[in-house]
1. Residues in the stretch 4-34 that are at pLDDT 95 or above and assigned to a loop (DSSP other than H, G, I, E, B): how many?
2. Quick one: residue 31 ticks every box in (1) within 16 Å of ligand 1 (Cβ to nearest atom); (2) on the phi > 0 side of the Ramachandran plot bar one, so which box is it?
3. Please work out which one of (1) surrounded by 14 or more Cβ atoms within 10 Å (Cβ to Cβ); (2) under 19 Å from residue 2 (Cβ atoms) is the condition residue 25 fails and give its number.
4. If you go through the stretch 35-48 one residue at a time, do you hit one that is surrounded by 14 or more Cβ atoms within 10 Å (Cβ to Cβ), out of contact with any strand residue (DSSP E or B) (no Cβ under 7 Å at 6 or more places or on another chain) and outside any strand (DSSP E or B)?
5. One residue is enough: does the stretch 62-70 have a residue meeting the conditions away from ligand 2 (no atom under 16 Å from the Cβ) and buried (at least 16 other Cβ atoms within 10 Å of the Cβ)?
Ligand SMILES: [Zn+2]
Ligand SMILES: [Zn+2]
């Protein structure tokens, strides 16, 4: 599995893994800054910048945002305060 660009620190060490307890929840972990985000596989849309269907909705402890794995653009949806996923 190729690594992606971390939306937090921009290092090329962002990897996903499936959470087997909460499938289809995908966990993204950055090996560089330890940033972690969660992706709901069912939330995908076409990127408004590159046009590919490679934008995923990611959620971390502070915010929810669209992230394009192709061009690495992010677009904030909302801030979530201290809420955890679900
Ligand atoms: Zn990072
Ligand atoms: Zn894009």
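The values are calculated or read from the model by the stated rules, or taken from the named source; none is laboratory data. Treat the numbers as computed from the prediction; the structure is a model and nothing was measured. Cβ coordinates were reconstructed from backbone atoms using ideal geometry, including for glycine residues, and neighbour counts include every protein chain displayed.
1. 13
2. Going through the list (1) within 16 Å of ligand 1 (Cβ to nearest atom); (2) on the phi > 0 side of the Ramachandran plot, residue 31 breaks only (2).
3. Only one criterion is unmet by residue 25, namely (2).
4. yes
5. yes
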